[in-house]
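The values are calculated or read from the model by the stated rules, or taken from the named source; none is laboratory data. Note that the structure is a prediction, hence the values are computed from the model and not measured. Here Cβ is always computed from backbone atoms with ideal geometry, including for glycine, and neighbour counts include all displayed protein chains.
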Amino acid sequence: MSAHGATLEFEYDEPARARIVAESVAREIGEIDDERSATTIDREDALVRIEIEAADPVALRAALNTWFSLIEVAERVADVGDRAHASSGT
């Protein structure tokens with residue numbers, strides 16, 4: 001299938017943040033993939049890597065938009081959780 005591909009790398013200050021983000025978006029693997037694109041995700045310490053393979057440029061663009069959005073939402077939710085945790089004093 002792979003005529004087009006991209007690798008996205010997101011580096012975080014802490015491995016724990018990378019783990020939270022990776023686990024949050026990893027649930028979408030298989031749900032989003034179709035016959036035109038496939039994605040893998042892995043994490044090494046504070047780095048999250050997403051590999052996208054697509055059959056054509058349109059499918060690659062759609063997958064990139066989806067994964068950038070999913071990562072952004074996971075980061076925002078993690079930030080909210082951090083603020084809530086900090087304000088609770090625990």
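I'd like the full set of residues that are modelled with pLDDT under 95 and of a type in the set (Val, Ile, Thr), limited to the stretch 5-19.
none
Going through the stretch 1-57 one residue at a time, which ones are over 13 Å from LEU70 (Cβ atoms) and among the small types (Gly, Ala, Ser)?
SER2, ALA3, GLY5, ALA6, ALA16, ALA18, GLY30, SER37, ALA38, ALA46, ALA54, ALA55
With respect to VAL48, is the statement that it is in contact (Cβ under 8 Å) with a residue 12 or more places away in the chain, within 13 Å of the chain's Cα centre (by Cα) and not in a helix (DSSP H, G or I) true?
The answer is yes for VAL48.
Name the residue that is surrounded by the fewest Cβ atoms within 10 Å (Cβ to Cβ), counting only residues in the stretch 1-16 that are over 12 Å from the mean Cα position of the chain (by Cα) and outside any loop (DSSP other than H, G, I, E, B).
Initially, the stretch 1-16 is screened for residues over 12 Å from the mean Cα position of the chain (by Cα), giving 1-6, 12-16.
Then keep just the ones that are outside any loop (DSSP other than H, G, I, E, B); that gives 4-6, 15-16.
Values: HIS4: 17, GLY5: 14, ALA6: 15, PRO15: 13, ALA16: 11.
Once the filter is applied, the top-ranked residue is ALA16.
Report, ordered by the first and then the second residue, all pairs with beta carbons closer than 8 Å, sequence separation of six or more or different chains, a first member in the stretch 54-83 that is closer than 25 Å to GLU35 by Cα and exposed (fewer than 13 other Cβ atoms within 10 Å of the Cβ), and a second member that is modelled with pLDDT of 95 or more and of a type in the set (Ser, Thr, Tyr).
As it stands, the answer is none, since no pair meets every condition given.
Checking ALA22 against (1) among the small types (Gly, Ala, Ser); (2) part of a loop (DSSP other than H, G, I, E, B); (3) in contact with a helix residue (DSSP H, G or I) (Cβ under 9 Å, 6 or more places away or on another chain), which test does it fail?
(2)
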